[in-house]
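The values are calculated or read from the model by the stated rules, or taken from the named source; none is laboratory data. The structure presented is a predicted model; accordingly, all values stated were derived computationally and were not measured. Reconstructed Cβ throughout: ideal geometry from the backbone, glycine too, with neighbour counts over all protein chains shown.
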Amino acid sequence: MSSASIRAAIHTLLAGVFAALLSGCDPRRFPGSTFAPRSDMAHWVEAVYFEVIGWDGLILILICVLVFLCLTRFSTRASEDQPKPPPPHPEYLGLEVAWTVGPALILLFIAVPSLRIVFRTQQSAPPTNALIINVTAHQWWWQFDYPSMGIHTANEVHIPVDRPVRFLLNSTDVIHSFWIPAMGGKRDVVPGHVNELTFTPQVTGEYIGECAEFCGLSHANMRFRVFVQSRVAFDDWRANQAGGPRLPTGGPARAGEQVYVTSACTTCHAIAGYSSGYIGPNLTHFASRTTFAGSTLRNTPQNLAAWLENPQALKPGAQMPALGLRGTELNDLVAYLESLK
């Protein structure tokens, strides 16, 4: 094979490798990628990633060069009459110091920017115009409360673009971890202790969030959605959420309202004006959400009916009990919940 053919093959291989790496950064195909930053904090974290990757790349190149030299210039065939290597001498002290101090300096170069970002993201006081959102983690779903707006929702959080957001994180049971890859940062959510996470979203869109700390049987089903909206869209959502539930006027939804009031739903769930349960998600505007069950199921009548009939089949270990509803009662309850917009 000619040298030109070898170079062409190497170029093709490198092009394929880089194409594969770049495809892994596509946020549409991989919404959990941290290499598609959409907030100020995410950009800070990405900068540390690339800085660490740069140092790691230099180390890799150095090691490859040393290995190549050892294989080509300093390798010798062992033999019985080959003299033994000389004992260590004081002149080797410089080499020993070099391979001790060198890695220490590299670790220092990596640690300094990392610690700088840690302190930068641990602000003692939120910006004056920050939107405060209380986050409560449950096995296995997320509760979001907007104390300044009187809004309570679950598994989906709406935030305005270009405005600082401060999440106050707490847990009711075990340790969870609050993570939105596109927004950067990751915070443990600890029972009895409030952790904080502050960032400013910079690009509108829908983003994936998840629990990043193993917390039980349905840990993988503990997700949530983040909707970064324009100021106008966020104000419209806020105005709708601040009001009470839409009252059914007749038909199956009206009958389903009676099923809800007389069933065990009122013990766990809250609907403004109907029930004040606090164990499960607030359902006041349930139909305005795109997902439910820890953001694992699309909010459709078919999925909701299957969930009400047998939650364990769709989400193992879920705290939601089977209601035992069938036929008309089940369909009426689904119609009522889907009317709560």
Item to complete: Return a yes/no flag: does the stretch 245-252 have any residue that is buried (at least 19 other Cβ atoms within 10 Å of the Cβ) and aliphatic (A, V, I, L, M).
Response: no
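Let's see how each residue does on (1) surrounded by 13 or more Cβ atoms within 10 Å (Cβ to Cβ); (2) at pLDDT below 80:
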{"position": "Arg38", "(1), (2)": "yes, no"}
{"position": "Leu58", "(1), (2)": "no, no"}
{"position": "Leu71", "(1), (2)": "no, no"}
{"position": "Tyr92", "(1), (2)": "no, yes"}
{"position": "Glu96", "(1), (2)": "no, yes"}
{"position": "Pro127", "(1), (2)": "yes, no"}
Item to complete: Considering only the stretch 293-332, state which residues are surrounded by 17 or more Cβ atoms within 10 Å (Cβ to Cβ), in contact with an Asp or Glu (Cβ under 9 Å, 6 or more places away or on another chain) and either hydrophobic (A, V, I, L, M, F, W, C) or on the phi > 0 side of the Ramachandran plot (or both).
Response: Ser295, Leu304, Leu323, Leu325, Leu330
Worksheet item: In the stretch 184-208, how many residues are farther than 17 Å from Ser33 by Cβ, part of a strand (DSSP E or B) and of a type outside the set (A, V, I, L, M, F, W, C)?
Response: 6
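Residues to consider are Arg28, Arg7; find the one that is of a type in the set (Lys, Arg) and either modelled with pLDDT of 80 or more or loosely packed, with under 10 Cβ neighbours inside 10 Å (or both). So that I can check it myself, show each step before the final result.
On the way: Arg7 fails: either modelled with pLDDT of 80 or more or loosely packed, with under 10 Cβ neighbours inside 10 Å (or both).
Answer to the selection: Arg28.
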Worksheet item: Where in the stretch 216-269 are there helices (runs of 4 or more DSSP H), lying wholly inside it, with at least 3 residues that are out of contact with any Lys or Arg (no Cβ under 8 Å at 6 or more places or on another chain) and of a type in the set (D, E, K, R)?
Response: 231-242
Worksheet item: Can you name every residue in the stretch 270-295 that is within 21 Å of Thr172 (Cα to Cα), touching a strand residue (DSSP E or B) at 6+ places or on another chain (Cβ under 6 Å) and part of a loop (DSSP other than H, G, I, E, B)?
Response: Gly277, Pro281, Asn282, Leu283, Gly294, Ser295
